[in-house]
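In what follows, a single structure is set out as structure tokens and then discussed.
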Amino acid sequence: MTAPTPLPGWHQDPADANLLRYWDGTRWTEQTQPKPSQAPTPGKKGGVGKVLLILAAVLLVMGILGAIFGGGDKKDDKPAAAAATTTATTTQVTTTRPTTTSAAPSSATSPAAVAPTTTQAPAPRPAVPASDPRCAPANETLVALVESGFSASGLSLINGTVIDSGPYTFLGGTTVDTTGKMKNRSDVWVIANGAVYASTGGARNTTTWPKASAAPLQISPGDEIVQALDTCVVNLTR
């Protein structure tokens, strides 16, 4: 016959007769406490009463002596009594309310979990292309030779610049009118054997010189030297 299941509560520890263990209704828990002392057996009641009377008498005598000889220390006794009360209260709370702690997730307080704030600097503006070291100031004779081919009167060249390359001389400049107003920032011509050829679009439109891209030169506006000279003149007019 199966024994009835005890109700939830404190019961004698099956493994230790001096302890009480808590039964939650389905299993024994880890919570234990000392077993309360046995009540005095009949026949010894009178002895216990005598002991209590003697103890009460002793306490009464101590109280009288304390009132006579320790009256001046009453103020000091109050903090001690308060401290004792506080200690007793703290001890009781500690024993009746077990403290449980749970570790907080490390990511909540870890400095490494906080993403650093960064500020991106604006991208620098592109630098102006440096002038080609082959560029050199043009002499007045070559400038005048190119100017003689302008189709409109009153136009002239400033910032005359040349690059000498073998049998050819590449000449560039800024075209302005009689008031100094700029018409074309940079134009390039090619001089070969004393003959002038217009290379860039502005040079072809403002002068009567033949195209450098045609025979016999066949130098296109995209030629490396033409582009380098054009950059040098543009830098001079900034």
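The values are calculated or read from the model by the stated rules, or taken from the named source; none is laboratory data. All values reported here derive from a predicted model rather than from experimental measurement. With ideal geometry, Cβ positions are generated from the backbone for all residues, glycine too; neighbour counts draw on all protein chains shown.
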Q: Report yes if some residue within the range 170-183 is touching a Phe, Trp or Tyr at 6+ places or on another chain (Cβ under 7 Å), part of a strand (DSSP E or B) and within 19 Å of Pro137 (Cα to Cα); otherwise report no.
A: yes
Q) Somewhere in the range 5-16, is a residue assigned to a helix (DSSP H, G or I) and either at pLDDT 55 or above or among the small types (Gly, Ala, Ser) (or both)? A) no
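So which residues in the range 15-27 are surrounded by fewer than 10 Cβ atoms within 10 Å (Cβ to Cβ) and either of a type in the set (A, V, I, L, M) or more than 60 Å from the chain's Cα centre (by Cα) (or both), if there are any at all?
Initial filter on the range 15-27 (surrounded by fewer than 10 Cβ atoms within 10 Å (Cβ to Cβ)): 15, 17-18, 25-27.
Those that are surrounded by fewer than 10 Cβ atoms within 10 Å (Cβ to Cβ) and either of a type in the set (A, V, I, L, M) or more than 60 Å from the chain's Cα centre (by Cα) (or both): Ala15, Ala17, Asn18.
Being farther than 19 Å from Asp132 by Cβ and modelled with pLDDT of 95 or more is true for just one of Pro210, Pro167. Which residue is that?
Numbers: Pro167 fails: modelled with pLDDT of 95 or more.
Answer to the selection: Pro210.
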(Q) What's the number of the only condition in (1) assigned to a loop (DSSP other than H, G, I, E, B); (2) in contact (Cβ under 8 Å) with a residue 40 or more places away in the chain; (3) surrounded by fewer than 21 Cβ atoms within 10 Å (Cβ to Cβ) that Ala214 fails to meet? (A) (2)
Q. For the range 139-163, how many residues are closer than 14 Å to Trp209 by Cα and of a type in the set (D, E, K, R)?
A. 1
